[in-house]
Amino acid sequence: MYKCLIIDDEELARALLESYVKKLDFLELKGSFENPLEAMSLIKSESIDVIFLDIQMPDLKGTDFAKLIPATTKVIFTTAYSEYAIQGFELNALDYLLKPITFERFLTAVNKLKTDTSVATISEFITVKSGYDLHKIKLTDINYIESDSEYVVFHLNNRKIMSYQTLKSLQKSLPEALFIRVHRSYIVNKLQVTGLKGRDLLLSEVNIPVSDSYYDTVKNTLF
């Protein structure tokens, strides 16, 4: 049984997470708080396994609060703002959930508790094999990823790297907080998106087509 806390200044967000926690027999909700400072005394007096922590709060940001809690307490950030994803990675968050949070995505995050007991499962980098070489790529350096037959091409700030794998398999290893599938042939970095013009997603230097099947998800998630 994992003891958990919910900290979010939005009542509806807290209620949704509370309902998700109640569905799982391996989670025990020890408290639900509007203000992170109100939760501090409980954290000091009881061993908490995981905190579902909002980032954008009026008195104290979740990213700042995360620096104050014991290292043994895992953090799953919950926020509507993808621009905080890298801060979450740097703070070794167990996961990073973008609102609106579905139960399926919530379940994926909490299941990591069962396999991760010492370090975070989210990395700021991804290792890519290209031919006989291995490349360690910083996630924020990826502008978009393109499918090319049996290969994928990573389009970085100043170079391209081709790797023998499918876009579908690659998608599973990328954090949803940063990347979104927009077409059968394209995955884009959300932080690189500057606009949507018709059925084209605008990045700083290129336009990426958005297919019909992904259009509503892209529009609702990014705009």
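So here's what we get for this one:
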item	result
Residue among E34, E46, E11, E18 that alone is in contact with an Asp or Glu (Cβ under 7 Å, 6 or more places away or on another chain) and acidic (D, E)	E34
Of all residues in the range 42-55 being touching a residue at least 40 places away in the same chain (Cβ under 8 Å) and open to solvent by 10 Å² or more (accessible area, probe 1.4 Å), the one that is farthest from the chain's Cα centre (by Cα)	E46
Residue pairs meeting the criteria (Cβ under 8 Å; at least 6 apart or on separate chains; first over 11 Å from V188 (Cα atoms) and of a type in the set (D, E), in the range 137-158; second open to solvent by less than 20 Å² (accessible area, probe 1.4 Å) and in a strand (DSSP E or B))	D141/L156
Extreme residue, farthest from S149 (Cα to Cα), among residues of the range 162-189 that are touching a Ser or Thr at 6+ places or on another chain (Cβ under 9 Å), crowded, with 18+ Cβ neighbours inside 10 Å and among the hydrophobic types (A, V, I, L, M, F, W, C)	A177
Inter-residue pairs, beta-carbon under 6 Å, first buried (at least 18 other Cβ atoms within 10 Å of the Cβ) and in the range 65-94, second at pLDDT below 80 and assigned to a helix (DSSP H, G or I), 6+ apart	F77/G88
Residue satisfying all of: in the range 1-26; part of a strand (DSSP E or B) and at pLDDT below 95; surrounded by the most Cβ atoms within 10 Å (Cβ to Cβ) among these	K3
Yes/no for I180 being within 27 Å of T108 (Cβ to Cβ), over 16 Å from the mean Cα position of the chain (by Cα) and outside any loop (DSSP other than H, G, I, E, B)	no
Search result, residues across the range 148-163 that are under 24 Å from the mean Cα position of the chain (by Cα), part of a strand (DSSP E or B) and closer than 21 Å to S204 by Cα	V152, V153, F154, H155, L156, I161
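The values are calculated or read from the model by the stated rules, or taken from the named source; none is laboratory data. Here the structure is a predicted model, which means the values were calculated and not measured. As a convention, Cβ positions derive from the backbone with ideal geometry for all residues, glycine included, and neighbour counts pool all protein chains shown. Protein only, heavy atoms only, side chains kept; ligands, DNA and RNA dropped before computing areas. Shrake-Rupley method; radii C 1.70, N 1.55, O 1.52, S 1.80 Å.
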